[in-house]
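Novice: Below is a structure I'd like to ask you about.
The values are calculated or read from the model by the stated rules, or taken from the named source; none is laboratory data. On a predicted model such as this, the values are computed, not experimentally measured, just so you know. All Cβ positions, even for glycine, are placed from backbone atoms using ideal geometry, and neighbour counts span all protein chains on display. We work out accessible area using only protein heavy atoms, side chains counted, and drop any ligands, DNA or RNA first. Shrake-Rupley method; radii C 1.70, N 1.55, O 1.52, S 1.80 Å.
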2 protein chains.
Amino acid sequence: MKAARLFHFRGLVHTRIQCRGNSILSQEPSGPKMKTKIPGPKSKQFMDDLEKTQNPLSTIFVLDVDKSIGNYAVDVDGNVMLDVYEQIASLPLGYNHPAIQKVFQDSKNLSQLVNRPALGVHPTPQFIKQIDQTLLPVAPKGLEYIQPMMCGSCSNENAFKAICIWHANKQRNGKAFTEEELKSSMVNKPPGSPSVSLMSFEGAFHGRTFGALSCTHSKAIHKIDIPSFDWPIAPFPRYKYPLEENDRENKKEDERCLARIEELFHEYKSKKNPVVGVIIEPIQSEGGDFHGSATFFQRLQKLTKQNSAALLIDEVQTGLGATGKFWAHEHFNLPEAPDIVTFSKKFQTGGYFAKKEFQPKQPYRIFNTWMGEPAKMLVLDAILKTVKQENLVENTRKTGEVLLNGLKDISKQYSKLILNTRGLGTFCSFDMPNASVRDKFIGEMRNAGIQMGPCGDVAVRFRPALIFADKHAHIVHDKMNEVLKKL
Amino acid sequence: MKAARLFHFRGLVHTRIQCRGNSILSQEPSGPKMKTKIPGPKSKQFMDDLEKTQNPLSTIFVLDVDKSIGNYAVDVDGNVMLDVYEQIASLPLGYNHPAIQKVFQDSKNLSQLVNRPALGVHPTPQFIKQIDQTLLPVAPKGLEYIQPMMCGSCSNENAFKAICIWHANKQRNGKAFTEEELKSSMVNKPPGSPSVSLMSFEGAFHGRTFGALSCTHSKAIHKIDIPSFDWPIAPFPRYKYPLEENDRENKKEDERCLARIEELFHEYKSKKNPVVGVIIEPIQSEGGDFHGSATFFQRLQKLTKQNSAALLIDEVQTGLGATGKFWAHEHFNLPEAPDIVTFSKKFQTGGYFAKKEFQPKQPYRIFNTWMGEPAKMLVLDAILKTVKQENLVENTRKTGEVLLNGLKDISKQYSKLILNTRGLGTFCSFDMPNASVRDKFIGEMRNAGIQMGPCGDVAVRFRPALIFADKHAHIVHDKMNEVLKKL
């Protein structure tokens, strides 16, 4: 039954499809329309208000959420921007999509919206159905255990815990906890609180809570002054572009990273801090849009298995279609599913899919008050239905080609400014010569009506909604040409 | 302006009030009505379904969220239970309260419900107003910096980070980060990732992510197999009841705990793992409903200040009125506000209030994609308005007296079964001789129509909604008498 559903869902990606019924695009303005520089005077006024209680230093502009529509964000000064960043990659259907509006307008959803239950003790029939009919059909093949959570960080933290529990369970060989383990765990000491480790990668981003932050190595300002676990950090490939001209060098880069990963497994085993799991993004997103080859990921999976560790793929930013496949790791043709896949952002909620063996045998080990959120699951259900009906993953693959090809053309013309153009689907990016040029470029693009985001030290990233169409890509290209001419 | 609002809000607590307009109570059934044992056959069937993808071992029954109303939870078998546990203390207005229904029925809220923005970069005017008009009026006096978050664990984790940043900033004396600090932080090493510590308490519960879990010491099953930080753990008072007969012994207990806290400050300073903050619950809730005296908390605050550490009070379970004051720590008459107060559960979302000095001076240090949730803030606004209009904090104080006095009467009759009866407001509890008697009692009470929860090794806790009234307390007392007679 489940396999059939999965196949059905996936099957659509491979049929010839028209991006039909995208009625929301007909409600969009014809293009960006700017009234002020960003932030405008009204945004600044709100930011002053915000400063009384908040740190407003990361605020870019204040959003008019009523007027924003489809791919267009409107700010409180009335500036209309084509948004290719979409609230840090978290809006799959853009702004005010009618399918999501209907969720809140349908009175039969009211009690699910109003009452937030403690799902771990008192699930509702609706939530059990949502797990089965909303989440299970998009599960990576072979990952039948689903753990709903609330955000990306807590999804990763709890996936780490599932890995630690899985490892200890293997070590224990089915035996019961010892008195010493139980007692020592209560005071944070081994053997109950063991000094096992998670391997992560240079440039990685997995969240900002203490466990997730120990695996995050994107920017110093994310980490400085916060205590961390002494866990191993491996290099993630840094390729030369264009890929097709640098095959030999890039293969060497894979070898270098894999050799170091292997070394770290051995080093940490002898430090008595053994690696029980490896966490990796299919594309390092916050860190600067770094890609790894299919071969790299296949060999990483093999190495991880050889070292009796679990492979956790963090699809918080890449999941739900943006790369032209539902999950980015599908691009790697792994011989079997990764052990755990975490998700959040475009899903509006969080959680992970895992192999059955990662489900703890005792209650209350992976647990919290809410354990998910039925209201967001209703929204997610509307999103996934729309993605399927409108073939938006395939749309993203095709529009991504248009977007990327245009970027490559521009990079030929501005070869000293636009470097290393790369991408899968609309998950595209390029580098600029340095951070100050990059930041200036993004600021000017915004003033020209394109809302985009930075990542890493020098990269510009595209994270449009899945309803991003060819015409939007052309607008981006045109505006880039305008801005680069003057840069 | 803010002081005036605060005063106005608090003022209501001290005037004579009738619990008026509680129209939801008139929609309630007249009492519990049981059709099956818990879990009933339909619950069991859903639990079988759940087992395919989830760990169902913590599931108690499957909730019929459409039929539940006010203080009454209804399950899928049609059992009507008076709920004094309220989804692990997280529903302040019970089930299907009209004030919350209106939030979703009001079309002017639609765009806020539909679009989940990245509030750290693109706040909305509505959210800025919510911070000011919903959260600020209930801020503990003197805590003017508000950091919205999503759940209890991430609120505590981020409050820890704010404390670490505050401490490092003091140490740095306003100087810039050094190159060494920046570089070392990226690889989880000191000085950038310093080995500072947070002090927590035996029996504490602060959440289950890695930082929060290092401060949690409630039950071994919450912690076993998960790596932890080596942070100090102090004793929390364990009083003898009734308090009025054991004053001298309980004062000694305070002294013992405070002496050990002082020792730990010194020990960890010499271990080069200095304590930068202390996290404590006003009442240890998950751990077994342990109370500390006002004197204990006042002296803890003094000790914390003397050791240049921050005092974080975790009001995730105690906040929003359940103890008969809006914040439980108001019972302690602290000479000044604690440095940080975290909240979640009844707030439907999470976050913390802090002194201004705990606001990092740089952007992106306390940050994540969502940084709160406007949809939940709309619900919270409706909750807080209802609490104010219907004087539900005062209602809880008064009903709490009825509940507690009845429990004390019962404990006189069943003095070998009902021990250490205690409570503030309706945040009441008692101990039983051992876990198996306690668990049996809770099961029998549930089968008699009272849904209640355990905490710690041997305690039974009350966490009713703020609309819990005298008549509900009487039903609880009657059912307890029935069940205890047969136990």
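Novice: What's the Kirkwood radius of chain B in Å, using all Cα pairs? Write out the running numbers ahead of the final one.
Specialist: On the way: mean 1/r = 0.0422 Å⁻¹.
The answer is 23.7 Å.
Novice: 7 Å along Cα→Cβ for the label point: how many nanometres lie between B:E249 and each equivalent label in the other copies, listed shortest first?
Specialist: Nearest to farthest, the other copies are at 7.8 nm.
Novice: Can you tell me the accessible area per residue over the protein assembly as shown, all protein chains present, probe 1.4 angstrom, in square angstrom? Display every interim value, and only then the final one.
Specialist: Details: 34900 Å² over 974 residues.
Value returned for the protein assembly as shown: 36 Å² of accessible area per residue.
Novice: In the structure shown, do any of A:K175/A:K305; A:K325/A:K485; B:K175/B:K356; B:K67/B:K129; A:K67/A:K408 have a Cα-Cα gap over 25 Å, and if so which? Before the final figure, lay out each step's value.
Specialist: Values: A:K175/A:K305 23 Å; A:K325/A:K485 34 Å; B:K175/B:K356 19 Å; B:K67/B:K129 34 Å; A:K67/A:K408 33 Å.
In this structure, A:K325/A:K485; B:K67/B:K129; A:K67/A:K408 lie more than 25 Å apart at Cα.
Novice: For a test of the definition: using alpha carbon positions, the gyration tensor, and the 1.5 limit on a/c, classify segment B:117-372 as rounded, prolate or oblate.
Specialist: Numbers: a/c = 1.70, a/b = 1.20, b/c = 1.41.
Oblate, since a/c reaches 1.5 and b/c is not below a/b.
Novice: Right, next: Using the Kirkwood formula over every pair of different C-alpha atoms, what hydrodynamic radius in Å results for the protein assembly as shown? Before the final figure, lay out the partial values.
Specialist: Working: mean 1/r = 0.0347 Å⁻¹.
The Cα-based Kirkwood calculation yields 28.8 Å.
Novice: Please report the antiparallel percentage of DSSP beta bridges with both residues in the protein assembly as shown, rounded to the nearest 5.
Specialist: Values: 56 of 84 bridges.
The antiparallel proportion sits near 65 percent.
Novice: Filter the cross-link list A:K141/B:K44; B:K33/B:K416; B:K170/B:K269 down to pairs whose alpha-carbon distance in this structure exceeds 18 Å.
Specialist: Listed pairs above 18 Å: A:K141/B:K44; B:K33/B:K416.
Novice: I've got another one for you. Compute for chains A and B the buried accessible surface, both sides summed, probe 1.4 Å, and express it in Å² to the nearest 100. Write down the numbers at each step before the final one.
Specialist: Working: alone 22750 and 22760 Å², together 34900 Å².
Chain pair A/B: roughly 10600 Å² of buried accessible area.
Novice: Same structure again: In nm, what does the list of distances from B:L487 to its counterparts in the other copies look like, shortest first, when each label sits 7 Å along Cα to Cβ?
Specialist: Copy-to-copy label distances at B:L487, shortest first: 7.2 nm.
Novice: Shifting gears a bit: B:T124's amide H: which non-local residues (gap 5+, or another chain) put their own amide H closer than 5 Å, with H modeled 1.01 Å from N in plane and none for Pro or chain starts?
Specialist: A:L63
Novice: Can you pull the accessible area of B:D49 for me, 1.4 Å probe, Å² to the nearest 10?
Specialist: For B:D49, the solvent-accessible surface is approximately 70 Å².
Novice: Another question, then. Hey, got the average number of other protein chain Cβ atoms within 10 angstrom for residues in A:124-131? Mind dumping the intermediate values first?
Specialist: On the way: counts 8, 11, 4, 6, 10, 2, 0, 5.
Average per residue, whole number: 6.
Novice: Beyond 28 Å between alpha-carbons counts as too far, so tell me which of B:K42/B:K471; B:K252/B:K486; A:K240/A:K412; A:K252/B:K183; B:K346/B:K398 fall in that bin.
Specialist: Numbers: B:K42/B:K471 30 Å; B:K252/B:K486 39 Å; A:K240/A:K412 16 Å; A:K252/B:K183 26 Å; B:K346/B:K398 20 Å.
From B:K42/B:K471; B:K252/B:K486; A:K240/A:K412; A:K252/B:K183; B:K346/B:K398, over 28 Å: B:K42/B:K471; B:K252/B:K486.
Novice: Moving on. Using only protein heavy atoms and a 1.4 Å probe, report how much of A:E286 is accessible, in Å² to the nearest 10.
Specialist: Rounded to the nearest 10, that gives 40 Å².
Novice: Right, here's the next one. Assume the label is 7 Å from Cα along Cα to beta carbon: what separations in nm does B:Q413 have to the matching positions in the other copies?
Specialist: When each copy's label point is compared with this one, the spacings are 8.7 nm.
Novice: Still on this structure: For B:Q451, enumerate residues with amide H under 5 Å from its amide H, sequence gap 5+ or separate chain, H modeled in the peptide plane.
Specialist: Hits under the 5 Å cutoff: B:L82, B:D83, B:V84.
Novice: Now, a different point. Take B:E330, project a point 7 Å from its Cα along the Cβ direction, then tell me which residues of segment B:424-439 have their backbone nitrogen under 16 Å from it.
Specialist: Output list for this probe position: B:424-427.
Novice: Can you compute the modelled spin-label distance between A:H266 and B:K271, with each label point 7 Å from Cα toward Cβ, in nm?
Specialist: 3.4 nm
Novice: I've got another one for you. Can you send over the carbon and sulfur percentage of the accessible area for chain B, probe radius 1.4 Å, protein chains only? Display every interim value, and only then the final one.
Specialist: Numbers: 9140 of 17460 Å².
Using a 1.4 Å probe with all protein chains present, chain B comes out at 52 percent carbon and sulfur.
Novice: For a quick check of understanding: with a 1.4 angstrom probe and all protein chains in place, what accessible area in square angstrom does B:R446 have, to the nearest ten?
Specialist: The accessible area comes out at roughly 30 Å².
Novice: Per residue of segment B:80-90, in order, report the coupling 6.51 cos²θ - 1.76 cosθ + 1.60 (Karplus, θ = phi - 60°) as ³J(HN,Hα) in whole Hz, putting x for Gly and Pro.
Specialist: 9, 10, 6, 9, 9, 10, 6, 6, 6, 6, 10
Novice: Across peptide B:211-224, how many C-beta atoms of other chains are within 10 Å of each residue C-beta, on average? Each step should come with its number before you reach the end.
Specialist: Values: counts 9, 5, 6, 5, 1, 2, 4, 1, 4, 9, 9, 5, 9, 15.
Mean shielding count: 6.
Novice: Among DSSP bridges having both ends in segment B:211-368, what percentage is antiparallel? Round to the nearest 5.
Specialist: 45 percent
Novice: Give me the angle, in degrees from 0 to 90, between the Cα long axis of helix A:41-51 and the longest principal axis of the Cα atoms of chain A, rounded to the nearest 10.
Specialist: Orientation of helix A:41-51: about 30 degrees from the principal axis.
Novice: Pop the C-beta distance of A:E245 and B:N173 into the FRET formula with R0 = 51 Å and round what comes out to the nearest 0.05.
Specialist: Details: r = 51 Å, r/R0 = 1.01.
Step by step, r from the Cβ atoms, then E = 0.50.
Novice: Would you mind checking the tilt of helix B:392-413 against the longest principal axis of the Cα atoms of chain B, expressed as 0 to 90 degrees and rounded to 10?
Specialist: 60 degrees
Novice: How shielded is A:186-198 by partner chains, expressed as the average number of their Cβ atoms within 10 Å of its Cβ atoms?
Specialist: Values: counts 11, 8, 15, 2, 2, 2, 6, 10, 5, 3, 3, 1, 2.
Per-residue shielding by partner chains comes out at 5.
Novice: Follow-up question, since we're still on this one. What does the net charge come to around B:I366 if you take all other residues with beta carbon closer than 13 Å to its beta carbon, with K and R at +1 and D and E at -1?
Specialist: +3
Novice: Given the Cα-Cα distance of A:E51 and A:R238 and 0.36 nm per residue of separation, how much length would full extension add, in nm?
Specialist: Numbers: separation 187, 0.36 × 187 = 67.32 nm, distance 3.94 nm.
Residue separation times 0.36 nm, minus the Cα-Cα distance, leaves 63.4 nm.
Novice: A further question follows. Given a Förster distance of 30 angstrom, what is the FRET efficiency for B:D230 paired with A:Q362, based on the Cβ-Cβ distance and rounded to 0.05?
Specialist: The calculated FRET efficiency here is 0.75.
Novice: Further question on the same structure: Can you give the three extents of the C-alpha atoms in segment A:121-216 along their principal axes, from longest to shortest, in whole Å?
Specialist: For segment A:121-216, the Cα extents along the three principal axes come out at 43, 38, 25 Å.
Novice: Of A:Y414, B:Y352, which has the most accessible area with a 1.4 Å probe, and how do the rest follow in descending order?
Specialist: Details: A:Y414 40, B:Y352 0 Å².
From most exposed to least exposed: A:Y414, B:Y352.
Novice: Between helix A:152-172 and chain A, what is the angle of the helix's C-alpha long axis to the longest principal axis, kept within 0 to 90° and rounded to the nearest 10?
Specialist: 20 degrees
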